[in-house]
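Below is one structure, written out as structure tokens; the observations come after it.
Any read-out appearing in this document is the output of simple, stated calculations on the displayed coordinates, not a laboratory observation. Small disclaimer: the values here were computed from a predicted structure and weren't measured. All Cβ positions, glycine included, derive from the backbone under ideal geometry; neighbour counts span all protein chains shown.
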Amino acid sequence: MTKIRETSAQTLLRVANQTGTPCYVYNETTILRQSRLVLEAFKHHPVKWLYAIKANDNPHILKLIQRAGIGFDTVSFEEVLLCQHFTDDPRQIFYTENSMSDAEMDAAIRLGVTLNIGSLKRLERFCDHPEAHECCVRINPAIGDGHHARVNTGDSESKFGIRIGQIEEAVAVAQKSGKRIIGLHAHIGSGIKEPENLIAAMKVLLELSREFPDLQFINFGGGMPTPYRSSEKPFDMARFAELAIKLFDTDLKNRPDGFHYLFEPGRWFVAEAGFLLTKVQTIKDQLETRYLGTDTGMHHLMRPIIYDAWHDVVNLSKFGEAADQLYTISGNICESGDILAFDRLLPEAEMDDILAFCDAGAYGMTMASQYNRRALPAEVLLKSDGSYQVIRPAQTAEETVAEFLAKCGFETETHHQKK
Ligand code: LLP
């Protein structure tokens, strides 16, 4: 229930009734609060914050976060192109490549974005490029963390980053070709469980940075966790800032003017702001299990299936009533694994009740698919002034199928219509 406090159950119900379900709803106030928290915590230090747009790349959300004073962190050429719509200065777009193609590298160099290179082989290709001048390199700090093994990116066995043992070679490759490595980067994982691991990785980067003569910045990645369960403690940003600032105060003594640090979380800014609203379409007892079947599923919210992730579920239509019934909440995808939440205590539900999956603002819609050829849901932004705006309408079933057929080179008329 605490999750709904900031965004009232009444407001969410109103949106569900007017926009229809399923739909993602994001609360602007929460996003702005999260932005202010980080800017405030580091305001006396040369620290820039970037938003990892993979968490939620709706253009209205990008605009909102950018206006709050946050830059963009991207991980694909497509994300770079998207961010180009929001800034005239391509260097403000930080692009962390991962198995980038030559064509993508060429295009990124021409655009002038800040390219972050994660392997020695790619660095060699970059240094061979006649128009390339400077880049950042991603280090594998051999310290990983994350809410699930699949999102731990800093372990020495992970596919990301240049190993510490290859750093000398990386510096040599750049020097030989007259290119400059101006930035150092690491991202240890997503949903960091132990903030000390982030601090430890930061120390590793600060130490290694001495081997790079042209350095202008260090980017320590993202990963700040969200408390999905009420038993989880929120990430203490103020405490983290205290520890980080201690490191910065020492480090800055030997840095040139303009030297700065960066962080690039995604989840931090948007997770708690988002809800996935869905309507109960069936209720059934299968021996021991009582299912609430919904009009959404794993195609709209993949996190429970991929990471066993927990999202609090609230029955908005029965808000405040005693939660004394055990339900398993299932999706409308034709797979028995399409279960969004197991064994949840909720008030007695009825057909057409509206449920909210909480903390769904990050890695919800961006990971959604059209599996079972299903339509994508709407996205709605609740404004701080109490109004709301549909920032991406739902696809209708007809649009979804017509777009698909047309893309594959088929006529969109049905046999029936042709007759
Ligand atoms: N920087 C890089 C290089 C990343 O790979 C990521 C996320 C981030 C920043 C932002 O991490 P965040 O602050 O959001 O934790 N789909 C998963 C999360 C995968 C994140 C992968 N990398 C989930 O739903 O939990």
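Data overview
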| quantity | calculated |
| --- | --- |
| Most fluctuating residue given options T96, T19, T400, as computed from a GNM of the chain linking Cα atoms under 10 Å | T400 |
| Compactness of region 1-51 as Cα Rg over 2.2 N^0.38 Å, two decimals | 1.59 |
| Kirkwood-based Rg to Rh ratio, region 141-188, C-alpha trace | 1.09 |
| Choice from Q166, Q286, Q84 showing the highest fluctuation, given a GNM over the chain with Cα pairs closer than 10 Å | Q286 |
| Region 79-143, relative contact order [Cα under 8 Å, separation at least 6], % | 29 |
| Local electrostatic count at P227 - Lys and Arg +1, Asp and Glu -1, tallied over other residues with Cβ under 12 Å | 0 |
| Nearby lysines by direct alpha-carbon distance to K63 (threshold 23 angstrom, same-chain neighbours under 8 apart not counted) | K43, K48, K54, K383 |
| MRE, 222 nm, helices only [DSSP H, n ≥ 4, -39500 (n - 2.57), over the chain, to nearest 500] | -8500 deg cm²/dmol |
| DSSP-defined antiparallel bridges as percent of all bridges, the chain, nearest 5 | 45 |
| Cα pair distances in region 1-160, grouped into 10 Å bins until the bin that holds the longest one, percent each | 9, 28, 33, 21, 8, 2 |
| Förster-model FRET efficiency, 45 Å R0, A107 and D249, C-beta, rounded to 0.05 | 0.70 |
| Extension gain, K121 back to D343 (0.36 nm per residue minus Cα-Cα distance, nm) | 75.1 nm |
| From phi via Karplus (6.51, -1.76, 1.60), per-residue ³J(HN,Hα) for region 104-117 in Hz, x at Gly/Pro | 5, 5, 4, 5, 5, 5, 5, 6, x, 6, 7, 8, 10, 9 |
| Amide H within-cut-off set for I283, under 5 Å, with H built and near neighbours excluded | G293 |
| Cα coordinate range in region 338-419, projected on the principal axes (Å, largest first) | 51, 35, 24 |
| Among beta bridges that DSSP assigns inside region 89-265, antiparallel share in %, nearest 5 | 5 |
| Of every Cα-Cα pair in region 1-89, the percent that sits beyond 21 Å | 45 |
| C-alpha center-to-center spacing [region 144-219, region 350-419] in angstrom | 39 |
| Quotient of C-alpha Rg and 2.2 N^0.38 Å, computed over region 201-335 | 1.59 |
| Options A186, N56, I306, ranked by Cα towards positive dipole end of the chain, top entry (Cβ charges) | A186 |
| Aspartates and glutamates whose Cα lies under 13 Å from that of K121, excluding same-chain neighbours fewer than 8 positions away | E97, D102, E169 |
| Inter-probe distance in nm under a simple model that places probes 7 Å from Cα toward Cβ, at Q84 and S387 | 3.2 |
| Anchor K318: lysines whose Cα lies under 20 Å away (excluding residues fewer than 8 positions away in-chain) | K3, K279, K284 |
| Range of Cα positions in the chain per principal axis (Å), largest first | 68, 57, 43 |
| Note, ³J(HN,Hα) from phi for region 88-96, Karplus 6.51, -1.76, 1.60, rounded to Hz, x at Gly and Pro | 8, 9, x, 5, 6, 8, 9, 10, 8 |
| Mean separation of Cα contacts under 8 Å (6+ apart) over length of the chain, as relative contact order % | 19 |
| GNM flexibility winner over the chain from A52, A402, A201 (Cα, springs under 10 Å) | A402 |
| Radius of gyration, Dmax [region 272-407; alpha carbons; angstrom] | 15.4, 50 |
| Projected-area average for region 89-265 over all orientations - Cα convex hull basis, square nanometres | 10.7 |
